[in-house]
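Reviewing the structure listed below.
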Amino acid sequence: MPTPTPTESTQAPASSTGLGVDVGGTGIKAGLVDLGTGELLGPRSTRPTPQPATPDAVAGVIRAMVDELGWDGPVGVALPSVIHDGVARIAHNIDGSWVGCDVVALFDRHLPGRSVVMLNDADAAGVTEVHYGAGEGVDGLVVLLTFGTGIGSALLLDGHLVPNTEFGHLMVEDIAGRGFDEAEHLASASVRARDGLTYEEWAPHVSNVLRCLEDLLWPRAFVLGGGISEAAEEWFPLLENRTPVRVAIRRGDAGIIGAALYSAARDGLVDLGSTLSPGSY
């Protein structure tokens, strides 16, 4: 699935509209997006992720949401998976039957006649934040992390996306001395909810993951998003690491906006400049 060839402009006309869908482990969100400002046009639509979250079940919900919004244009879908050449390669926090799924053929069946493009969900959030949010204008390396059912990641170097990173699955030593585990098994928002942790109890686990990443990558900034970033003022001050931490300005809507941007770029409605390289997806 080639990406658009970069040109000079990075903004769309203010009148341009796109539609993005963000698939999570517990919920699916969709919304219409003003491509000129990166703002949602009206409230987002939200439905529970079907269980089991098989490709056909998820695509069926997406079709219903697109119809509900009365949209007949191009659709961008952010998935919690690595997408290579139109095929889903992993399936963390969704059903394992996604592995090897031809997502192009899947949406050809469920949204026939539509232009539908897919990208990793955290990468979609990264595209949003580098164009309209906390990563805009930051020189050097920026690491975006989304905290939800798992931990998604996007790596941006001078505004250029290095796609399909999976830092949520980095093995990290637990601060409680229980050995090593995946970062998202130690510090995701779902772990906090599962274990009934206060922000004061949970924040050290987040700091531990950030310290591991900053020792490996030495980024200029972390941008933290996901639904729990809506309460950033309650836990950001509790973080202890040397790298500046910024809240994702688009917060829980970043995946929707980035998916809409990517879809519009494929249709020539917006130019993402050098953010996405040809062949990224």
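The table below gives the values:
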item	result
Listed peptides 234-244, 249-259, 17-27 by packing density, highest first (mean Cβ within 10 Å)	249-259, 17-27, 234-244
For the range 14-102: span of alpha carbons on each principal axis (Å, largest first)	39, 26, 19
Column: log10 I(q)/I(0), Debye, Cα scatterers of the range 231-281, q = 0.27 Å⁻¹	-1.05
Hydrodynamic radius of the range 127-181 per Kirkwood, over alpha carbon pairs, in Å	12.5 Å
Square roots of five times the Cα gyration tensor eigenvalues for the range 189-281, Å	30, 17, 11
Average projection area in nm² (convex hull over Cα atoms of the chain, one quarter of hull surface)	13.6 nm²
Expected 222 nm ellipticity per residue - DSSP helices of 4 or more, -39500 (n - 2.57), all of the chain, to 500	-8500 deg cm²/dmol
Debye log10 I(q)/I(0) at q = 0.16, 0.20 Å⁻¹ for the range 119-269, Cα point scatterers	-0.80, -1.24
Distance from the range 26-57 to the range 98-176 (C-alpha centre basis), Å	15 Å
Residues whose placed amide H lies under 5 Å from that of Ser81, excluding near-sequence neighbours	Asp121
D_trans [Stokes-Einstein, Kirkwood Rh over alpha-carbon pairs] for the range 82-197, 37 °C, 0.692 mPa s, µm² s⁻¹	206 µm²/s
Principal axes of the range 53-129: Cα extent on each, largest first, Å	31, 30, 21
For Val75, distant residues with modelled amide H under 5 Å away	Ser115, Val116, Val117
Total charge dipole magnitude, the chain, about the Cα centre, Cβ charges on Lys, Arg, Asp, Glu only, Debye to nearest 20	320 debye
Rounded to the nearest 20 debye, dipole of the range 231-281 from Cβ charges on Lys, Arg, Asp, Glu	120 debye
Helix runs (DSSP H) in the chain reaching 24 Å along axis by Cα, Kyte-Doolittle at least -1.0	199-217
Residues of the chain: accessible area per residue with a 1.4 Å probe, Å²	40 Å²
Sequence of Phe167, Phe180, Phe147 from largest to smallest accessible area, 1.4 Å probe	Phe180, Phe167, Phe147
Listed residues Ala57, Leu40, Gly70: farthest to the positive end of the dipole of the range 31-70 (Cβ charges)	Ala57
Size of charge dipole - the range 122-281 - debye, nearest 20, with Cβ of Lys, Arg +1 and Asp, Glu -1, no other charges	160 debye
Listed peptides 106-114, 55-63 by packing density, highest first (mean Cβ within 10 Å)	55-63, 106-114
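The values are calculated or read from the model by the stated rules, or taken from the named source; none is laboratory data. What you are looking at is a predicted structure, and each value in this text was computed from that prediction instead of being measured. Virtual Cβ from ideal backbone geometry, glycine too; neighbours counted across all protein chains shown. Protein only, heavy atoms only, side chains kept; ligands, DNA and RNA dropped before computing areas. Shrake-Rupley method; radii C 1.70, N 1.55, O 1.52, S 1.80 Å.
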